[in-house]
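Worksheet: the structure to be examined is printed underneath.
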Amino acid sequence: MKKLSLSLALVAGLLFAQAQEKVSPEELAKQNWFHANYAQDSIYGVASDAAYEYAQAKGLKSNPIIVAVIDSGIEPDHDDLKNRMWVNKGEIPNNGIDDDNNGYIDDIHGWNFIGGPEGDVNHDNLEITRLVREGKKLFETEDEELNLKNQKEFKDKYVQYLKILPKFQKELEKNKAILANVEMSIAMQIQAIDAFINEYGADRIVDEEGIKAFKPNSDGANQMKQVFLAKIEEGDKPSGKTAQEIKDNFLEGTKEATDYYSGKVNYYYNINYDSRGIVGDNYEDVTERFYGNNTTEGPDALHGTHVAGIIGAERNNGIGMNGVADNVKIMNVRTVPDGDERDKDVANAIRYAVDNGAKVINMSFGKGYSPHKDIVWEAMEYATNKGVLLVKAAGNDNADIDTDIHYPTNFRDGKKVSNTLLTVGASSRYNDKLKASFSNYGKVQVDIFAPGLEIYSTVPDNTYRYLQGTSMASPVVAGVAALVWSYFPNLTAQELRDILISTGNYNETLAEISTNGVVVDALKALKAAEKLSASKGNKVKKSKKRVKR
């Protein structure tokens, strides 16, 4: 049989995907793989379950710790998250007053730096598009004398503009072509589905007996029959849907693909689209701090909700999945749109998190250009000086970010900005291919790895799904940091960072592409933290004795 097209394979998947309601042991193991203990299971999980067993056996007591999630927004009433959300006790909800005088009104679960009085930003440009738009305004006006003047006055910007313009144009045209092909392919599959519906019957249940007995009269209907038969031959069973329901599911399933590429064309690379007017700030003033609104969930909280669940979804409550950190409060700082985050918002988000008590900040975002990177570095330094651990994703381009910089970066002029920041690459559950294929890497830039492939976690509408990326690996590390710190709060952020690295499970392959070559391990980190914490306690006691004498 000829290889199935991607779209028709998707149709077949939608037909059979819901055939079984019970979760098989194999599926359950897959859902929980990132909690595995490498020492026992030979899988590079993070041994979080083992860490809790150790803490319980030793009678260790934990303290609540605040983890800020700078992301796209979080669904606060998700059953696995609602008891984990940070609540600003200094604020009286919805009274329109800044009760705690922190500059942000009614910031109950956090703050939204990409919203305004009239609503919330959903889509945005990539940074390269914003730079091209700025370049066109400076160097491609109708006034040639002004163009030449600006080329001299803004020499560095002009050099950058000439460099990025061809890349921008190439990406725009590429995504236009992909979108056209996707739309054409879907249209062809719909023709085949419609032919099948017309001949088989829209309201007739599609089952094995019906498929095998069906006598198609058209190529399209026959094509669909062969697709379904192929799935049956693979051992799958139909899910009892009607032909019309299959079409409806197909249309819903293909929406994600069309939305993805139309989003790139209409928003990511569209220089005529600029969402910043929604926020209503003075965007040119990078020192401005107080803008946005308190609608922290936003219009699309998929990414942020998934990240939050990895860090701190309620453990052992009989539903969904277990987060890494148990005694945690998640602060929601909405900063990342569907597009590239803006430097001003990132800097303000970090400062907000620090000023409102976060001890760990997770940053599962990044981009290739950062026109105001200095203010982000200043915010990172501010967090470091306040004893906060910063955890950021390395990015998903399978690129060496020592040369192909992924912002925010921890290096300025070759020197580290923060000694409390960890840049995280994504590992997989397959030992022979431990680096996830998409993960960025770098002997200088990438500090540590964590599970980031096929991670099952919370998503909006009180559901769960698998996602993957260094965006998933970063919150695993943030969760491990919160787990360890909750038991031993007398450790400094730098000590905690060093422990996470020094106790990670070493792998020679990862050592070739990162600074330390390790995958984070919660159990080993907890034991090392216990030892260091005890030694620090003894030093304090001896110091007090000397003072008394």
Original post:
Filtering the stretch 322-336 down to residues that are open to solvent by 10 Å² or more (accessible area, probe 1.4 Å) and of a type outside the set (Asp, Glu), which residue is farthest from the chain's Cα centre (by Cα)?
Top reply: 327
Original post:
Among the residues of the stretch 110-137, how many are among the acidic types (Asp, Glu), assigned to a loop (DSSP other than H, G, I, E, B) and modelled with pLDDT of 95 or more?
Top reply: 1
Subject >> Residue selected from the stretch 379-397 under the condition of a type in the set (D, E, K, R) and out of contact with any helix residue (DSSP H, G or I) (no Cβ under 7 Å at 6 or more places or on another chain), by the criterion farthest from residue 449 (Cα to Cα) >> reply: 381
Subject >> Selection within the stretch 119-145 - under 30 Å from residue 297 (Cα atoms) and either out of contact with any strand residue (DSSP E or B) (no Cβ under 8 Å at 6 or more places or on another chain) or among the charged types (D, E, K, R) (or both) >> reply: 119, 120, 124, 125, 127, 128, 129, 130, 131, 133
**OP:** Looking only at the stretch 214-230, decide whether some residue is in contact (Cβ under 8 Å) with a residue 12 or more places away in the chain, hydroxyl-bearing (Ser, Thr, Tyr) and in contact with a Phe, Trp or Tyr (Cβ under 8 Å, 6 or more places away or on another chain).
**Re:** no
**OP:** List every residue pair whose Cβ atoms sit under 8 Å apart, with the two residues 6 or more apart in sequence or on different chains, where the first one lies in the stretch 491-510 and is more than 22 Å from residue 433 (Cα to Cα) and in contact (Cβ under 8 Å) with a residue 40 or more places away in the chain and the second, anywhere, is of a type in the set (Lys, Arg) and not in a helix (DSSP H, G or I).
**Re:** 493/359
Original post:
Only one residue in 270, 282 is over 26 Å from the mean Cα position of the chain (by Cα) and over 21 Å from residue 209 (Cβ atoms), so which one is that?
Top reply: 282
**OP:** Give the residue that is surrounded by the most Cβ atoms within 10 Å (Cβ to Cβ), with candidates limited to residues of the stretch 512-549 that are modelled with pLDDT under 50 and not charged (D, E, K, R).
**Re:** 540
Original post:
List, please: which pairs have Cβ atoms under 9 Å, are six or more places apart or on different chains, and start with a residue in the stretch 268-293 that is closer than 25 Å to residue 140 by Cα and end with one that is in a strand (DSSP E or B) and open to solvent by 40 Å² or more (accessible area, probe 1.4 Å)?
Top reply: 268/123; 268/338; 273/123; 275/123
**OP:** State whether the residues of the stretch 137-149 include one that is in contact (Cβ under 8 Å) with a residue 12 or more places away in the chain, over 26 Å from residue 335 (Cβ atoms) and surrounded by 13 or more Cβ atoms within 10 Å (Cβ to Cβ).
**Re:** yes
Subject >> Whichever residue in the stretch 202-254 is open to solvent by less than 20 Å² (accessible area, probe 1.4 Å) and out of contact with any Asp or Glu (no Cβ under 9 Å at 6 or more places or on another chain) and, among such residues, is modelled with the highest pLDDT >> reply: 210
Original post:
Going through the stretch 359-386 one residue at a time, which ones are in contact with a Ser or Thr (Cβ under 6 Å, 6 or more places away or on another chain) and either at pLDDT below 95 or open to solvent by 10 Å² or more (accessible area, probe 1.4 Å) (or both)?
Top reply: 384
**OP:** Take the stretch 33-52 and flag every residue that is surrounded by 13 or more Cβ atoms within 10 Å (Cβ to Cβ), out of contact with any helix residue (DSSP H, G or I) (no Cβ under 7 Å at 6 or more places or on another chain) and part of a helix (DSSP H, G or I).
**Re:** 33, 38, 41, 52
Original post:
Pairs, please: C-beta under 6 Å, at least 6 apart or cross-chain, first residue open to solvent by 10 Å² or more (accessible area, probe 1.4 Å) and in the stretch 337-354, second of a type in the set (Asp, Glu) and in a helix (DSSP H, G or I)?
Top reply: 340/127
Original post:
Could you say which residue among 316, 249 is without any contact (Cβ under 8 Å) to a residue 12 or more places away in the chain and over 30 Å from residue 166 (Cβ atoms)?
Top reply: 316
Original post:
Which condition number does residue 132 fail, the rest of (1) surrounded by fewer than 16 Cβ atoms within 10 Å (Cβ to Cβ); (2) in contact with a Leu (Cβ under 7 Å, 6 or more places away or on another chain) being met?
Top reply: (1)
Original post:
For the stretch 103-117, does any single residue satisfy the condition of being of a type in the set (A, V, I, L, M), touching a residue at least 40 places away in the same chain (Cβ under 8 Å) and open to solvent by 50 Å² or more (accessible area, probe 1.4 Å)?
Top reply: yes
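The values are calculated or read from the model by the stated rules, or taken from the named source; none is laboratory data. Everything numeric here is computed off the predicted structure, so don't read it as measured data. Every residue, glycine among them, receives a Cβ derived from its backbone with ideal geometry; neighbour counts consider all protein chains shown. These accessible areas exclude ligands, DNA and RNA; they are computed on the full protein's heavy atoms, side chains included. Shrake-Rupley method; radii C 1.70, N 1.55, O 1.52, S 1.80 Å.
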